[in-house]
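Some notes on the structure that comes next.
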Amino acid sequence: MIAAADPLLVDLLRGGDAARADDGEWRRAAAAARAAGLEPWLFHHVTRHERNVPNDVRDGLREASVRLTARGLALAAELRAILRALARAGVVCAPLRGVALAERLYGDACARPAGDIDLLVRRDDLDAVEATLATLGFRAVDRHAGFAREFSYTLEMSCDAHGGIVVEPHWTLAYPPFADALDMERIWARSRAGHVVGEPALLLAPEAILLNLCLHLVHKAPDAPLLWLLDVDRLVRREARAIDWDELIVLARGARVERQLTAALGQVHGVLDTPLPAAVMRTLDSTGHGRLDRLLDADAEVDGRESLALLFALRGARRRARYAARLLFPSASFMRLEYGVSGPGGLAAAYGRRARHMVWEGLKGTTRLLRHI
């Protein structure tokens with residue numbers, strides 16, 4: 001799911017000794033940390049544990065950490081305002097990943113880089129969530145009005161504050177084509193009251209967070225950074241006694257995502273030697289392949305494999321046709337934002353590139369499925 005990682009960086013993440021590392025190894029490790037989202041972690045590590053780090057590496061890590069801390073503070077402030085506004089609107093919310101995960105796993109909202117703000121809300125509250133975020137200056141981004149609610153797993157709303165912030169209100173912890181298969185009432189029932197960035201919020205049970213982190217790894221593969229593997233490793237190590245592994249299996253089995261969960265956990269264990277219950281891994285690994293699993297594998301080399309899998313999973317020719325048309329030809333406003341084009345000519349060219357690319361990837365994915373029937 002990730003490219004080959006830097007040996008020194010991985011060794012440090014696994015608790016290894018870097019006493020014999022030379023300047024070149026440290027520079028390569030710092031470059032790898034930059035690509036992996038691990039500069040704050042590496043800076044914290046070298047500040048506390050390492051003395052033989054070149055000054056240019058140490059200074060570069062410090063500058064990156066300051067920059068990412070500033071971004072983290074901005075996101076934390078925005079999340080704080082969102083949680084207050086949602087509470088006034090009577091909307092129940094559980095922040096996901098980002099600064100909330102940084103607080104839970106690393107003890108500081110700024111200790112882990114975050115790109116946007118993810119929230120878990122109930123599907124029935126989406127109107128209230130969208131209206132509340134609009135009062136804070138966020139505007140909806142969608143391929144077509146209603147597309148996300150019918151076919152996706154999250155809304156997307158953005159504002160220009162702090163250099164641009166995107167908020168994604170999710171109503172499920174899974175991704176297409178399994179987004180609606182996950183038993184969300186079971187997940188909500190096991191959440192508890194707590195605080196995130198100093199504001200009241202719901203905290204998900206550790207097995208629910210673990211499931212979401214693993215599915216997110218598969219969702220973004222092969223572009224998942226090493227940071228996301230560290231998140232899973234850290235959650236397992238810090239909350240091992242609290243994780244209900246039987247509940248995790250029940251959730252995964254009910255949503256038919258055992259193969260995706262197994263792949264993610266296996267990847268994390270292989271890279272970071274994460275301690276995982278052998279019985280759990282045997283149970284998950286005994287699951288057979290589903291009809292769409294081969295298309296969803298990280299090595300499928302099909303761009304948009306989840307979109308194609310959802311097309312095959314949808315029921316009814318009319319619904320499939322509506323989904324395909326809106327996926328191939330989104331609204332002009334979405335295309336301008338997504339492709340950075342303007343004017344009729346640029347827009348037409350972008351539509352053409354999108355259609356050709358998606359049709360080609362669709363043919364590749366369909367061929368892969370047919371080979372295994």
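The values are calculated or read from the model by the stated rules, or taken from the named source; none is laboratory data. For clarity, every value in this text was computed on a predicted model and none was experimentally measured. As a convention, Cβ positions derive from the backbone with ideal geometry for all residues, glycine included, and neighbour counts pool all protein chains shown. Surface areas here come from the heavy atoms of the whole protein model, side chains and all, with no ligands, DNA or RNA. Shrake-Rupley method; radii C 1.70, N 1.55, O 1.52, S 1.80 Å.
Only a single criterion out of (1) farther than 27 Å from Gly15 by Cα; (2) out of contact with any Asp or Glu (no Cβ under 9 Å at 6 or more places or on another chain); (3) assigned to a helix (DSSP H, G or I) is not satisfied by Asp180, namely (3). Of these, Phe312, Phe334, Phe329, which one is open to solvent by 30 Å² or more (accessible area, probe 1.4 Å) and either among the β-branched types (Val, Ile, Thr) or at pLDDT 85 or above (or both)? The conditions single out Phe329. Select from the stretch 49-65 the residues that are in a helix (DSSP H, G or I), open to solvent by 20 Å² or more (accessible area, probe 1.4 Å) and not basic (Lys, Arg) and write down the one among them that is farthest from Trp26 (Cα to Cα). Looking at the filtered set, the residue picked out is Glu63. When you scan the stretch 145-165, do you find a residue that is open to solvent by 30 Å² or more (accessible area, probe 1.4 Å), modelled with pLDDT under 90 and more than 20 Å from Gly115 (Cβ to Cβ), even just one? Yes, there is a match, as at least one residue in the stretch 145-165 is open to solvent by 30 Å² or more (accessible area, probe 1.4 Å), modelled with pLDDT under 90 and more than 20 Å from Gly115 (Cβ to Cβ).
Restricting attention to the stretch 102-120, which residues are closer than 15 Å to Glu168 by Cα and surrounded by 20 or more Cβ atoms within 10 Å (Cβ to Cβ)? Break it down stepwise before answering.
Let us first name the residues in the stretch 102-120 that are closer than 15 Å to Glu168 by Cα, namely 114-120.
The answer is Ala114, Ile117, Asp118, Leu119, Leu120.
Would you say Arg237 is in a helix (DSSP H, G or I), basic (Lys, Arg) and modelled with pLDDT under 95? When the stated conditions are applied, Arg237 does not pass them.
Each row is one residue, and each column tells you yes or no for (1) out of contact with any helix residue (DSSP H, G or I) (no Cβ under 8 Å at 6 or more places or on another chain); (2) open to solvent by 10 Å² or more (accessible area, probe 1.4 Å); (3) under 22 Å from Ala148 (Cα atoms).
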| site | (1), (2), (3) |
| --- | --- |
| Asp183 | no, yes, yes |
| Glu199 | no, yes, no |
| Leu229 | no, no, no |
| Val236 | no, no, no |
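The set of residues in the stretch 216-238 that are touching a Phe, Trp or Tyr at 6+ places or on another chain (Cβ under 6 Å) and hydrophobic (A, V, I, L, M, F, W, C) contains only Leu217. Annotation: of all residues in the stretch 76-100 being open to solvent by less than 30 Å² (accessible area, probe 1.4 Å) and in contact with a Cys (Cβ under 9 Å, 6 or more places away or on another chain), the one that is nearest to Thr132 (Cα to Cα) is Leu86.
Return a yes/no flag: does the stretch 197-215 have any residue that is farther than 30 Å from Gly90 by Cβ and in a helix (DSSP H, G or I). If you could, list the steps in order and put the result at the bottom.
Taking the stretch 197-215 as the starting set, the residues that turn out to be farther than 30 Å from Gly90 by Cβ are 214.
From the residues that got through so far, the ones that are in a helix (DSSP H, G or I) too are 214.
Yes, there is a match, as at least one residue in the stretch 197-215 is farther than 30 Å from Gly90 by Cβ and in a helix (DSSP H, G or I).
Quickly run through the stretch 214-227 and pick out the residues that are over 19 Å from Leu276 (Cα atoms) and open to solvent by 10 Å² or more (accessible area, probe 1.4 Å).
To start, the set of residues in the stretch 214-227 that are over 19 Å from Leu276 (Cα atoms) comprises 219-225.
His219, Lys220, Pro222, Asp223, Pro225 - these are the residues of the stretch 214-227 that are over 19 Å from Leu276 (Cα atoms) and open to solvent by 10 Å² or more (accessible area, probe 1.4 Å).
Each row is one residue, and each column tells you yes or no for (1) free of Cβ contacts under 8 Å to residues at least 40 places away in the same chain; (2) more than 21 Å from Ser158 (Cα to Cα); (3) touching a strand residue (DSSP E or B) at 6+ places or on another chain (Cβ under 7 Å); (4) not in a helix (DSSP H, G or I).
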residue: Leu337; (1), (2), (3), (4): no, no, no, no
residue: Val341; (1), (2), (3), (4): yes, no, no, yes
residue: Gly346; (1), (2), (3), (4): yes, yes, no, no
residue: Met358; (1), (2), (3), (4): no, yes, no, no
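Could you tell me whether any residue of the stretch 119-141 is of a type in the set (Asp, Glu) and assigned to a loop (DSSP other than H, G, I, E, B)? No: the stretch 119-141 contains no residue that is of a type in the set (Asp, Glu) and assigned to a loop (DSSP other than H, G, I, E, B). Looking only at the stretch 32-48, residues that are open to solvent by 30 Å² or more (accessible area, probe 1.4 Å) and touching a residue at least 24 places away in the same chain (Cβ under 8 Å) come to 4 in all. Of Glu150, Glu185, Glu168, all but one fail to be farther than 20 Å from Thr262 by Cα, part of a strand (DSSP E or B) and charged (D, E, K, R); the exception is Glu168. Take the residues in the stretch 238-261 that are open to solvent by 20 Å² or more (accessible area, probe 1.4 Å) and touching an Asp or Glu at 6+ places or on another chain (Cβ under 6 Å); name whichever of them is nearest to Ala174 (Cα to Cα). Ranking the qualifying residues of the stretch 238-261, first place goes to Gly254.
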